[in-house]
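The values are calculated or read from the model by the stated rules, or taken from the named source; none is laboratory data. Just so it is clear, the structure is predicted and the values come from calculations on it, not from any experiment. Using ideal geometry, Cβ is built from the backbone for each residue, glycine included, and neighbour counts are taken over all protein chains shown.
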Amino acid sequence: MERANYERLRWRCIRRALLELDITLTRFLDGGEFEKLSDDQQQAFVELADMEDYDLWDLLTGKAEIDDSRLAHMVALIRKS
Amino acid sequence: MSIPVLKFDAVIVGAGGAGLRSAIQLSEAGLKTAVLSKVFPTRSHTVAAQGGVAASLGNSEEDHWTWHMYDTVKGSDWLGDQDAIEFMCKKANEVVVELEHYGMPFDRTDDGKIYQRPFGGHMSNFGEKPVRRSCAAADRTGHAMLHAMYQRNVKANTQFFVEWMALDLIRDEEGHVLGVTAMEMETGQIVIFHARATIFATGGAGRIFYSSTNAFINTGDGLGMAARAGIPLEDMEFWQFHPTGVAGAGVLITEGVRGEGGILRNSSKERFMERYAPNAKDLASRDVVSRAMATEIKEGRGCGVNKDYVLLDITHLDPATIMKRLPGIHEIGLQFAGVDCLKEPLPVVPTCHYQMGGIPTHYSGRVVAPKNGDVNSVVPGFYAGGECACASVHGANRLGTNSLLDLLVFGKSAGDSAVEDLKAGRAHRELPKDVADKTLARISALDNRKGGANVHETRLAMQRTMQDHAGVFRFGDMLKQGVEKILEVEKAARQLEIKDKSMAWNTARTEALEMENLIEVAKATMISAEARKESRGAHVRDDAPDTAEFPNGRNDKEWLKHTLFSPVDNSISYKPVNMQPLTVEAVALKTRSY
């Protein structure tokens, strides 16, 4: 991912409405997990990051599930990080 | 260097609840209105407000705004201005019904009215018994509110500048406010927003503390800009804390954990609450538990390398009970403390939640500051609402559900006042010749400095200083040391260095600029807290204890007054509390007890 695109994504992850997401997504990005992802996986991460805060948080805490297997797999990776 | 100038009737900084509510008033009045936000509006921290919004609709049982006013004055420990509190409580029904008309999906009673539920501190008949006053949309009230107001703004043609950061307030020699300088994050371009009215709705600054429930975005940008423009900050010593946040993360752990049998322990594994509250123990009230935790930490019985937290132990409880009765706690422990709470205790610490002080405003939303002997002289062209402002309705402590009400009432009020002033003929004033010089100098210094201070380390030093020296329970000696320490941190904050010099999406630069705002708030808080030698509301000092002469440590003879911190010379002055409501009798002083 190009630097500017990555930095925009990072900003949208480190400045969320909910503290819980700030911490979780910052940890994933700054811990170097994102760089290890394939292009498809990075795209899945971007799609998750675009979600509303509560919807994403419900996925990350297992309160909700998502049918899309790409996104579900990415949720699992973020939870493990 | 030529800086682009964008001309608007009004510029609003911040697109949370207060900013969006202000913008509706201005845009619907036909005024050309810009709203600047660091994030997309529905990502503002208002989203995190779950409890509801207070209004004495009386849908579920009898209620009256005067009862709400009484509760708010009492909650404020009599530091709230009674004219502003009357204004807010009286306006509550109107702003809630408006919100309903904007499409807010409030919970409903069987007969279709807005459902109301009880909330701590809200009582009927002047403190007699709890009343159902909170209007909510499930547990997503703030979220639903932002969506409804954002849509309304889109309809009214409000112009949003998303992912823009306002940098400095523009004032001319006579003190009039003429807009802001701002940075577009995508390009790094600096732009002047030249406006006839400038409204700040930038939220709180809870990130000055090491442990905070506030999202990372709450960096006090409005307060920093106001301070740099020479405007004093009011009552900054008053911050609301919650006893149990995950140490280091700030994520809240519900009081239900102690209700189910959770025990607080110090570094010796001692159940220390037995010493502080022999009967209630771990179930004592929030303030008692918070003070006990702070005392254990101060006296060296905290845990961890820095001995700066205590432990919340539920390992003796049946795992099945924990998973059934406390859903989420296991996940929170794993995610934010790296602890399996079924096997190990959780690290917890009293955690900052809400800022009661802020930019001084009249209840009309107009910013006021001392000038020519008048402590409440209006700063022409400048308005503020929501958590960044101090009207003052929360005084020394805020009641739950009054924060969403504050941002609706004073967001609207600031918007209305701006419309009134503009329609009365306020024109665009000429921009000063050096309009963007200070902003450009700050950016240039960041880009060119070598051997300066690291942003992350400086922020951490500030947060630890604030947590250790001006936390939930305060000690005279610690506050004195805290002032010295925060002034040292300030020196570093004035010498920040960033490695990334790129223009587009330079988040390092943005975080450095946020840090320059945070330090203004931290300094104001520490110096104001050291100066106030009594206990009142959320400001509780070890050396101002509960005595017969001064119940709860409150000393009305000397301290029934608002603090004004002057950022120009770090000095403190005071102004009287307004004890005169607009139309009803004053709520007379008495000891605050529940």
Check: Would the stretch B:251-262 turn up any residue that is modelled with pLDDT of 95 or more and assigned to a strand (DSSP E or B)?
Finding: no
Note to self: Anything in the stretch B:215-242 that is among the polar types (S, T, N, Q) and in contact with a strand residue (DSSP E or B) (Cβ under 7 Å, 6 or more places away or on another chain)? List them, or say none.
What the structure shows: B:Q240
Notebook entry, point to check: Among the residues of the stretch B:354-373, is any within 30 Å of B:G256 (Cβ to Cβ), in a strand (DSSP E or B) and not β-branched (V, I, T)?
Noted result: yes
Check: Looking at B:C388, is it away from chain A (no Cβ under 14 Å), crowded, with 21+ Cβ neighbours inside 10 Å and in contact with a Phe, Trp or Tyr (Cβ under 9 Å, 6 or more places away or on another chain)?
Finding: yes
Next item on the list: Return yes when B:T181 is at negative phi and over 21 Å from the mean Cα position of the chain (by Cα) and no when it is not.
Entry: yes
Checklist line | Cβ pairs under 8 Å, 6+ apart, first in the stretch B:302-322 and basic (K, R), second surrounded by fewer than 18 Cβ atoms within 10 Å (Cβ to Cβ) | finding: B:K307/B:S267; B:K307/B:G300; B:K307/B:R301
Next item on the list: Taking the options B:R474, B:R509, B:R494, name whichever one is at pLDDT 95 or above and surrounded by fewer than 19 Cβ atoms within 10 Å (Cβ to Cβ).
Entry: B:R494
Notebook entry, point to check: Which one is farthest from B:A136 (Cα to Cα), of the residues in the stretch B:21-49 that are within 14 Å of chain A (Cβ to nearest Cβ) and touching a Gly at 6+ places or on another chain (Cβ under 7 Å)?
Noted result: B:S37
Notebook entry, point to check: Among the residues of the stretch B:75-85, is any small (G, A, S) and within 14 Å of chain A (Cβ to nearest Cβ)?
Noted result: no
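Here is a yes/no grid of residues against (1) in contact with a strand residue (DSSP E or B) (Cβ under 8 Å, 6 or more places away or on another chain); (2) closer than 23 Å to B:L31 by Cα; (3) surrounded by fewer than 21 Cβ atoms within 10 Å (Cβ to Cβ):
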{"site": "B:E128", "(1), (2), (3)": "no, no, yes"}
{"site": "B:T158", "(1), (2), (3)": "yes, yes, no"}
{"site": "B:V180", "(1), (2), (3)": "yes, yes, no"}
{"site": "B:T198", "(1), (2), (3)": "yes, yes, no"}
{"site": "B:T202", "(1), (2), (3)": "yes, yes, no"}
{"site": "B:R207", "(1), (2), (3)": "no, no, no"}
{"site": "B:T213", "(1), (2), (3)": "yes, no, no"}
Margin query: So, in the stretch B:376-404, how many residues would count as being aliphatic (A, V, I, L, M), part of a strand (DSSP E or B) and farther than 14 Å from B:D235 by Cα?
Written below: 3
Notebook entry, point to check: Only one residue in B:G112, B:G80 is touching a residue at least 60 places away in the same chain (Cβ under 8 Å) and either out of contact with any Leu (no Cβ under 9 Å at 6 or more places or on another chain) or among the basic types (K, R) (or both). Which one?
Noted result: B:G80
Next item on the list: May I ask you to list the residues in the stretch B:135-156 that are more than 30 Å from B:E516 (Cα to Cα), at pLDDT 95 or above and either of a type in the set (G, A, S) or out of contact with any strand residue (DSSP E or B) (no Cβ under 9 Å at 6 or more places or on another chain) (or both)?
Entry: B:A144, B:H147, B:A148, B:M149, B:Q151, B:R152, B:K155, B:A156
Note to self: Restricting to the stretch A:18-39, name every residue that is among the acidic types (D, E), over 22 Å from B:T351 (Cα atoms) and either at the interface with another protein chain (Cβ under 8 Å from one of its Cβ atoms) or over 13 Å from the mean Cα position of the chain (by Cα) (or both).
What the structure shows: A:D39
Margin query: Could you list, ordered by first residue, the pairs with Cβ atoms under 7 Å in which the first is in the stretch B:126-142 and under 17 Å from B:N402 (Cβ atoms) and away from every other protein chain (no Cβ under 12 Å) and the second is surrounded by fewer than 19 Cβ atoms within 10 Å (Cβ to Cβ) and of a type in the set (S, T, Y), at least 6 apart or interchain?
Written below: B:R132/B:S60
Margin query: Could you tell me how many of the residues in the stretch B:29-60 are at pLDDT 95 or above, small (G, A, S), buried (at least 22 other Cβ atoms within 10 Å of the Cβ) and in a loop (DSSP other than H, G, I, E, B)?
Written below: 3
Check: What is the residue count in the stretch B:477-491 for residues that are surrounded by 14 or more Cβ atoms within 10 Å (Cβ to Cβ) and closer than 25 Å to B:V289 by Cα?
Finding: 4
Notebook entry, point to check: For the stretch B:115-126, what are the residues that are in contact with a strand residue (DSSP E or B) (Cβ under 9 Å, 6 or more places away or on another chain) and not in a strand (DSSP E or B)?
Noted result: B:Y115, B:N125
Checklist line | From B:A441, B:A436, residue being surrounded by fewer than 18 Cβ atoms within 10 Å (Cβ to Cβ), hydrophobic (A, V, I, L, M, F, W, C), out of contact with any helix residue (DSSP H, G or I) (no Cβ under 8 Å at 6 or more places or on another chain) and at negative phi | finding: B:A441
Next item on the list: Sort through B:D63, B:D81 and tell me the only one that's over 21 Å from B:D416 (Cβ atoms), buried (at least 19 other Cβ atoms within 10 Å of the Cβ) and at pLDDT 95 or above.
Entry: B:D63
Notebook entry, point to check: Hey, which of the helices (runs of 4 or more DSSP H) in the stretch B:452-534, taking only ones fully inside, have at least 3 residues that are of a type in the set (G, A, S), away from every other protein chain (no Cβ under 14 Å) and without any contact (Cβ under 8 Å) to a residue 60 or more places away in the chain?
Noted result: B:476-493
Checklist line | From B:D546, B:D542, residue being surrounded by fewer than 16 Cβ atoms within 10 Å (Cβ to Cβ) and over 26 Å from B:H68 (Cβ atoms) | finding: B:D546
Check: Can you tell me how many residues in the stretch B:50-73 are more than 15 Å from B:C135 (Cβ to Cβ) and out of contact with any Leu (no Cβ under 8 Å at 6 or more places or on another chain)?
Finding: 7
Checklist line | Only one of B:G75, B:G51 that is of a type outside the set (A, V, I, L, M) and out of contact with any Lys or Arg (no Cβ under 8 Å at 6 or more places or on another chain) | finding: B:G51
Next item on the list: Only residues that are part of a loop (DSSP other than H, G, I, E, B) and within 12 Å of another protein chain (Cβ to nearest Cβ): list them for the stretch B:237-250, please.
Entry: B:G248, B:A249, B:G250
Margin query: Kindly evaluate A:R15 against the criterion of being within 11 Å of another protein chain (Cβ to nearest Cβ), closer than 30 Å to B:K501 by Cβ and surrounded by fewer than 16 Cβ atoms within 10 Å (Cβ to Cβ).
Written below: no
Notebook entry, point to check: Quick one: is B:G358 surrounded by 15 or more Cβ atoms within 10 Å (Cβ to Cβ) and more than 13 Å from every other protein chain (Cβ to nearest Cβ)?
Noted result: yes
Next item on the list: Look through the stretch B:306-334, keep the residues that are within 14 Å of chain A (Cβ to nearest Cβ) and buried (at least 22 other Cβ atoms within 10 Å of the Cβ), and return whichever of them is farthest from B:T465 (Cα to Cα).
Entry: B:I329
